[in-house]
Amino acid sequence: MIEYLTDAFQAGSTYLLILITALAFLECMFGIGLFVSGIFLLSTATAFYLGGEYPLWQITLAALIGAIVGDHAGYFIGRYSGPTLWRHRFILRHEEKARKVQRWLQTSAPLTICLGRLVPAVRSLTPVIAGLSDLAPRRFMLIDLFACALWSTGLSLLVSGIAAI
């Protein structure tokens, strides 16, 4: 089994890009993202770049795809579990505050989603909250694509900066 894994992750293997995609996905997936640090993705991407396995654009694209899929999964979790969560006893006790947060997200969604994507502590929670707030799927998708592109550009700059040092 170990031989199979080491053969699969040899330099230049497609599995290396899948690993980058999976790390980006896990980092922003609801619940899991609270335990998977972005440093895993950054260090793995930097190691692959320094090792010459892939050019930086391929590493960045793989991370971008993982981030988009993870964010959209979180959004739809929030969107489809929303009615159940809104009826939860905790929410009902604080309904006024919950509705206030919902209105704020609806009025300033672009800023909220972009900042949420860039702040590791809330990266996995922002898409779920957007889904809970009944943000339109098309609007979320457009804002999130921009936010993920901004984030992946930052990842690319960090990897190339670390490699230059």
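Observations on the model:
- Subset of the stretch 1-31 [among the β-branched types (Val, Ile, Thr) and modelled with pLDDT under 80]: ILE2, THR6, THR14
- Looking only at the stretch 135-165, and only at residues there that are free of Cβ contacts under 8 Å to residues at least 24 places away in the same chain and not aliphatic (A, V, I, L, M), the one that is farthest from ALA24 (Cα to Cα): ARG138
- Single condition LEU132 does not satisfy, out of (1) under 21 Å from GLY31 (Cα atoms); (2) among the aliphatic types (A, V, I, L, M); (3) loosely packed, with under 15 Cβ neighbours inside 10 Å: (3)
The values are calculated or read from the model by the stated rules, or taken from the named source; none is laboratory data. Treat the numbers as computed from the prediction; the structure is a model and nothing was measured. All Cβ positions, glycine included, derive from the backbone under ideal geometry; neighbour counts span all protein chains shown.
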